[in-house]
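Data block below; observations after.
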Number of protein chains: 2
Amino acid sequence: MKCRKCGAVAVINMRQHKLALCDEHFLEWIPQQTQRAIRKYRMFGPRDRILVAVSGGKDSLSLWDVLLRLGYQAEGLYIHLGIDSGGYSDSSLEYVERFAAAREGARFRVVDVKAEYGQSVPELARRTHRGRKPCALCGLVKRYIMNRVAYEGGYDAIATGHNLDDEVAVLMQNTLRWQTGYLARQAPVLPSTHPKLARKVKPFVRLYERETAAYAIVRGIEYIYDECPYAVGSTTNFYKELLNQLEGRSPGAKLGFYLSFLEAKRQGAFSQTKEALELNECEKCGQPTTAPGLCAFCRLWER
Amino acid sequence: MKCRKCGAVAVINMRQHKLALCDEHFLEWIPQQTQRAIRKYRMFGPRDRILVAVSGGKDSLSLWDVLLRLGYQAEGLYIHLGIDSGGYSDSSLEYVERFAAAREGARFRVVDVKAEYGQSVPELARRTHRGRKPCALCGLVKRYIMNRVAYEGGYDAIATGHNLDDEVAVLMQNTLRWQTGYLARQAPVLPSTHPKLARKVKPFVRLYERETAAYAIVRGIEYIYDECPYAVGSTTNFYKELLNQLEGRSPGAKLGFYLSFLEAKRQGAFSQTKEALELNECEKCGQPTTAPGLCAFCRLWER
């Protein structure tokens with residue numbers, strides 16, 4: 001397989017684009033594609049300050065790298081969740097530190113959940129969600145902290161490393177139950193609905209997982225290979241596997257699923273779904289919340 | 001496993017309903033469920049004359065059996081497609097004949113495509129669709145003949161044996177490309193949109209394929225086990241396999257996918273999809289057609 005641009009040996013063949021590229025042109029292509037997505041979905045401009053949620057994995061570190069290469073003001077946020085199993089959180093943080101140390105101007109901050117609030121996410125889950133997996137809770141905690149840091153630091157947008165495989169797995173899950181409210185909200189950009197809630201953007205939303213992984217490897221970014229121990233056997237991974245079977249049979253199926261979904265929404269599917277987004281401010285922390293009184297995050301620590 | 005109703009040995013366990021039944025109660029349960037679907041989706045009443053499209057397979061023969069047991073005026077229509085491979089069409093017809101011969105009042109008619117129009121479906125496909133599978137063409141031919149026979153015979157509705165697995169495979173296919181026009185039209189009942197087009201109904205739409213198969217077996221209905229030779233390896237079968245993986249992981253997933261889809265439509269999803277259904281009558285045969293001039297069926301034979 002040869003690079004379509006220069007004829008050198010290709011490092012990757014992207015069947016959905018009928019495009020094979022060598023290392024050099026692939027390392028150019030990823031930022032180009034990212035820039036296109038940023039413009040197409042109006043994610044942010046060169047003057048915006050971007051908070052990149054970094055986990056130490058291939059997606060978020062590649063995203064941070066690409067945003068810096070594109071000249072954006074992108075700072076990192078690492079949320080230390082206190083996942084001990086296999087030293088997961090500590091190792092992840094080391095990858096983030098190593099990444100930032102190797103790049104001038106790559107600044108990041110760490111929020112340590114246990115140090116800040118008294119319990120790690122697994123501990124919190126054991127106390128409040130006895131026996132259940134901490135994943136839903138972890139999502140809540142991360143969203144809260146991202147929003148709070150973005151607000152307090154005056155960032156214009158929160159960027160996450162979600163790739164197309166992540167998005168179509170969620171899309172599949174929402175579609176299999178026709179959760180029209182969730183479907184109406186699933187998008188490459190979630191606009192800010194309150195002055196204390198920053199816009200959320202996913203610049204890698206059209207890149208396949210194998211492409212973000214390949215980018216990290218070719219670019220020499222070291223990242224944590226293990227996935228979160230709680231994600232093993234998850235429904236999301238099950239859907240990813242199903243969708244890969246589909247992709248194997250029809251290259252481009254995943255991308256087509258997502259893009260045609262966005263197009264159907266643009267044409268008004270699910271537009272009848274009204275959201276009454278009357279937001280209150282939490283009595284304790286002041287962050288926006290749907291119900292009056294304490295927000296869901298503060299309620300966790302009150303119990 | 002014991003029958004929930006009488007404690008006898010169960011012949012089937014339907015995990016999505018948490019319901020195991022013995023042969024006797026299962027043979028009661030299927031017509032009850034069918035009757036419920038007929039009422040819920042307002043398919044037809046006891047005075048309506050129903051044309052059942054019978055292929056000789058488990059679904060359509062079970063459907064015909066159930067409709068007769070429920071006291072409906074259900075007559076069969078067998079369309080002889082002229083599929084020679086393994087004597088498929090001839091064998092299928094024999095199963096239909098045997099079924100009808102064993103039941104008083106089970107009348108049916110045969111339309112032989114080659115005898116009536118000069119070429120079998122595979123021959124027609126070879127002439128007009130060189131090399132491609134005849135499946136799309138076959139669908140067109142069957143729809144045309146069903147409509148025509150229903151109109152000429154004065155039937156109120158055309159009933160087909162589509163089961164839930166058939167429906168969710170199509171739903172998956174339409175959803176993966178977000179074909180909102182098709183999604184808007186996919187339903188247990190297709191109302192008549194023209195005096196010459198009968199209502200189309202699918203009374204088995206909430207039954208899993210394994211249930212219609214079990215019904216045929218327990219009821220002693222002999223049916224053709226082989227599927228159409230052209231269906232082997234089809235996209236539909238591939239989706240059925242994916243959906244069965246899903247069902248294996250979450251019993252009820254297939255049913256939930258379909259019912260929540262209907263509910264989302266009821267709440268207005270895809271309602272923005274306007275269909276300009278201005279129908280003309282074909283210059284040659286008089287059947288309704290979207291374009292002026294000849295209908296798609298008559299055009300096939302003109303080439």
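The values are calculated or read from the model by the stated rules, or taken from the named source; none is laboratory data. Note that the structure is predicted; figures quoted are calculated from it, not measured. Glycine gets a Cβ as well: all are built from the backbone with ideal geometry, and neighbour counts include every protein chain shown.
Somewhere in region A:35-45, is a residue modelled with pLDDT of 95 or more, closer than 30 Å to A:Gly105 by Cα and of a type in the set (S, T, N, Q)?
Checked against the condition, which is being modelled with pLDDT of 95 or more, closer than 30 Å to A:Gly105 by Cα and of a type in the set (S, T, N, Q), region A:35-45 yields at least one hit.
What strands (runs of 3 or more DSSP E) completely inside region A:1-72 contain at least 1 residues that are without any contact (Cβ under 8 Å) to a residue 24 or more places away in the chain and over 30 Å from A:Ser92 (Cβ atoms)? Before the answer, list the steps.
Details: elements: A:12-14, A:19-21, A:49-53.
Because the criterion is at least 1 residues that are without any contact (Cβ under 8 Å) to a residue 24 or more places away in the chain and over 30 Å from A:Ser92 (Cβ atoms), the strands (runs of 3 or more DSSP E) in region A:1-72 that meet it are A:12-14, A:19-21.
Examine region A:68-76 for a residue that is crowded, with 17+ Cβ neighbours inside 10 Å and more than 29 Å from A:Pro191 (Cβ to Cβ), and state whether such a residue exists.
Looking through region A:68-76, none of the residues is crowded, with 17+ Cβ neighbours inside 10 Å and more than 29 Å from A:Pro191 (Cβ to Cβ).
Determine, yes or no, whether A:Thr236 is crowded, with 18+ Cβ neighbours inside 10 Å, assigned to a helix (DSSP H, G or I) and among the polar types (S, T, N, Q).
no
Just give me the residues in region B:107-150 being in contact with a strand residue (DSSP E or B) (Cβ under 7 Å, 6 or more places away or on another chain) and either over 24 Å from B:Glu75 (Cβ atoms) or among the small types (Gly, Ala, Ser) (or both), in sequence order. It would help to see each step written out before you state the result.
As a first pass, look at region B:107-150 and keep what is in contact with a strand residue (DSSP E or B) (Cβ under 7 Å, 6 or more places away or on another chain): B:107-113, B:142, B:145-147, B:149-150.
Answer for region B:107-150, where residues must be in contact with a strand residue (DSSP E or B) (Cβ under 7 Å, 6 or more places away or on another chain) and either over 24 Å from B:Glu75 (Cβ atoms) or among the small types (Gly, Ala, Ser) (or both): just B:Ala150.
What residue, among those in region B:104-120 that are modelled with pLDDT of 95 or more and within 18 Å of B:Ser60 (Cβ to Cβ), is surrounded by the most Cβ atoms within 10 Å (Cβ to Cβ)?
B:Val113
Give me the residue from region A:250-303 that is hydroxyl-bearing (Ser, Thr, Tyr) and more than 30 Å from A:Lys114 (Cα to Cα) and, out of that set, modelled with the lowest pLDDT.
Looking at residues that are hydroxyl-bearing (Ser, Thr, Tyr) and more than 30 Å from A:Lys114 (Cα to Cα), I get A:Thr273.
Checking B:Lys265 against (1) touching a strand residue (DSSP E or B) at 6+ places or on another chain (Cβ under 6 Å); (2) within 14 Å of another protein chain (Cβ to nearest Cβ): exactly one of these is not met. Which one?
Condition not satisfied by B:Lys265: (1).
What about A:Ser250, is it of a type in the set (S, T, N, Q) and closer than 24 Å to B:Thr180 by Cα?
Against the criterion (of a type in the set (S, T, N, Q) and closer than 24 Å to B:Thr180 by Cα), A:Ser250 qualifies.
Name the single residue that is farthest from the other protein chains (Cβ to nearest Cβ) among those in region A:218-252 being in contact (Cβ under 8 Å) with a residue 40 or more places away in the chain and hydrophobic (A, V, I, L, M, F, W, C).
A:Ile221
Looking at (1) in contact (Cβ under 8 Å) with a residue 12 or more places away in the chain; (2) farther than 30 Å from B:Glu28 by Cβ; (3) more than 14 Å from every other protein chain (Cβ to nearest Cβ); (4) among the charged types (D, E, K, R), which is the only condition B:Arg299 fails?
With (1) in contact (Cβ under 8 Å) with a residue 12 or more places away in the chain; (2) farther than 30 Å from B:Glu28 by Cβ; (3) more than 14 Å from every other protein chain (Cβ to nearest Cβ); (4) among the charged types (D, E, K, R) applied to B:Arg299, the lone miss is (1).
Which members of region B:183-229 meet the condition of being closer than 23 Å to B:Phe44 by Cα and β-branched (Val, Ile, Thr)?
B:Val189, B:Thr193, B:Val201, B:Val205, B:Thr212, listed by residue number.
State all residues of region A:134-188 that are over 22 Å from A:Leu255 (Cβ atoms), touching an Asp or Glu at 6+ places or on another chain (Cβ under 9 Å) and surrounded by fewer than 19 Cβ atoms within 10 Å (Cβ to Cβ); if no residue qualifies, say none.
Once the filter is applied, which keeps residues that are over 22 Å from A:Leu255 (Cβ atoms), touching an Asp or Glu at 6+ places or on another chain (Cβ under 9 Å) and surrounded by fewer than 19 Cβ atoms within 10 Å (Cβ to Cβ), region A:134-188 yields A:Gly153, A:Asp156, A:Gly181.
I'm checking my understanding of the structure. Among residues of region B:160-214 that are under 18 Å from B:Glu227 (Cα atoms) and among the β-branched types (Val, Ile, Thr), which one is nearest to the chain's Cα centre (by Cα)?
B:Thr160
Based on this model, can you work out whether A:Phe270 counts as more than 9 Å from chain B (Cβ to nearest Cβ), in contact (Cβ under 8 Å) with a residue 24 or more places away in the chain and not charged (D, E, K, R)?
Considered against the rule, which asks whether it is more than 9 Å from chain B (Cβ to nearest Cβ), in contact (Cβ under 8 Å) with a residue 24 or more places away in the chain and not charged (D, E, K, R), A:Phe270 comes out as no.
State all residues of region B:122-140 that are among the aliphatic types (A, V, I, L, M) and under 16 Å from B:Ser234 (Cβ atoms); if no residue qualifies, say none.
B:Ala125, B:Ala136, B:Leu137
Look at B:Glu247 and say whether it is modelled with pLDDT of 95 or more and either among the small types (Gly, Ala, Ser) or assigned to a helix (DSSP H, G or I) (or both).
It is true that B:Glu247 is modelled with pLDDT of 95 or more and either among the small types (Gly, Ala, Ser) or assigned to a helix (DSSP H, G or I) (or both).
If B:Glu283 satisfies every condition in (1) more than 10 Å from every other protein chain (Cβ to nearest Cβ); (2) within 26 Å of B:Ala20 (Cβ to Cβ) but one, which is the exception?
With respect to (1) more than 10 Å from every other protein chain (Cβ to nearest Cβ); (2) within 26 Å of B:Ala20 (Cβ to Cβ), B:Glu283 is out only on (2).
Suppose the filter is in contact (Cβ under 8 Å) with a residue 40 or more places away in the chain, out of contact with any helix residue (DSSP H, G or I) (no Cβ under 6 Å at 6 or more places or on another chain) and acidic (Asp, Glu); does B:Glu75 pass it?
The answer is yes for B:Glu75.
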